[in-house]
Amino acid sequence: MFVNAERRIGFDLEAAKSLYRPYSPQWLNSLSDEEKQTVAAGQFGRQMHDSGGAHITWLFWHGQRRIIGAPPIVHNGSAFVLDCGRGPFVVTAAHVYSQFLADKRNARRIASQLGNVTFDLEDRLIDCGTDHRVDIATFHIEADEVTALGKQIVTGTDGAWPAPPNHDEIALFGGFLGNQRIIIGSNEVSFGLHLAMTPVTDFTEYQIRCRFDRRFWVDVRGL
């Protein structure tokens, strides 16, 4: 990725003899806190968010309740495709899958999808955490379905994954919030993708924790 030197407002441009400067850890670490915030709020921050968003897709299901006259069931969640070296599979939260099962029991019929691909979570289940500390559920997916999703695969290694992070390493996370879902038409729904990057504060065997520090918040999208 490259940054346009002309956009680096307030920076020392002495070293910018060409139009573009490549991003590098060394260059980024050499900047002051103020300069880092300017970079994060510009093209670099947007590209990092876009890269993360390219790996995230939505889960969506809807149906008619068994009780006549009750409002329809409409829920959504977030997911990604992971490949640790033995083929791709879908990952979402266990509480998302639990909600799907509860809705399926209460529905006369229910339709579900992963992105724009028809996807029955119950039929595709690999495993689901039953301990509240393991809020993870995994599902089978075929190669042609991954292609149809149009999303990038998160790649790991064959073995323990992920490796424990180091303190202050950056975690990128995102998802589709239910309160940002907009029904546009009978067969069209808009989802709002929320993304953020923040340093890892600490971690346990079950959690990676990121404590937000408002002093360093940067508005990447101008919202």
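The values are calculated or read from the model by the stated rules, or taken from the named source; none is laboratory data. Quick caveat: nothing in here was measured; it's all calculated off a predicted structure. Glycine gets a Cβ as well: all are built from the backbone with ideal geometry, and neighbour counts include every protein chain shown. Please note that ligands, DNA and RNA were not included when accessible areas were found on the heavy atoms of the full protein model with its side chains. Shrake-Rupley method; radii C 1.70, N 1.55, O 1.52, S 1.80 Å.
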Kindly establish whether residue 147 is among the hydroxyl-bearing types (Ser, Thr, Tyr), out of contact with any Lys or Arg (no Cβ under 7 Å at 6 or more places or on another chain) and closer than 23 Å to residue 41 by Cα.
no
Touching an Asp or Glu at 6+ places or on another chain (Cβ under 6 Å) and at pLDDT below 90, is that true of residue 155?
yes
Total residues in segment 177-223, condition under 30 Å from residue 112 (Cβ atoms) and basic (Lys, Arg)
2
Subset of segment 173-188, residues open to solvent by 70 Å² or more (accessible area, probe 1.4 Å) and either at pLDDT 85 or above or of a type in the set (D, E, K, R) (or both), comes to 173, 177, 179, 180, 182, 183, 184, 188
Does residue 209 satisfy the criteria of being surrounded by 15 or more Cβ atoms within 10 Å (Cβ to Cβ) and closer than 23 Å to residue 81 by Cα?
no
The correct count of residues that are in contact (Cβ under 8 Å) with a residue 40 or more places away in the chain and more than 19 Å from the chain's Cα centre (by Cα) in segment 207-223 is 1
Residue count for segment 175-204, restricted to those that are over 20 Å from residue 61 (Cβ atoms) and in contact (Cβ under 8 Å) with a residue 24 or more places away in the chain:
9
Within segment 135-152, residues being touching a Cys at 6+ places or on another chain (Cβ under 9 Å) and open to solvent by 40 Å² or more (accessible area, probe 1.4 Å) number 1
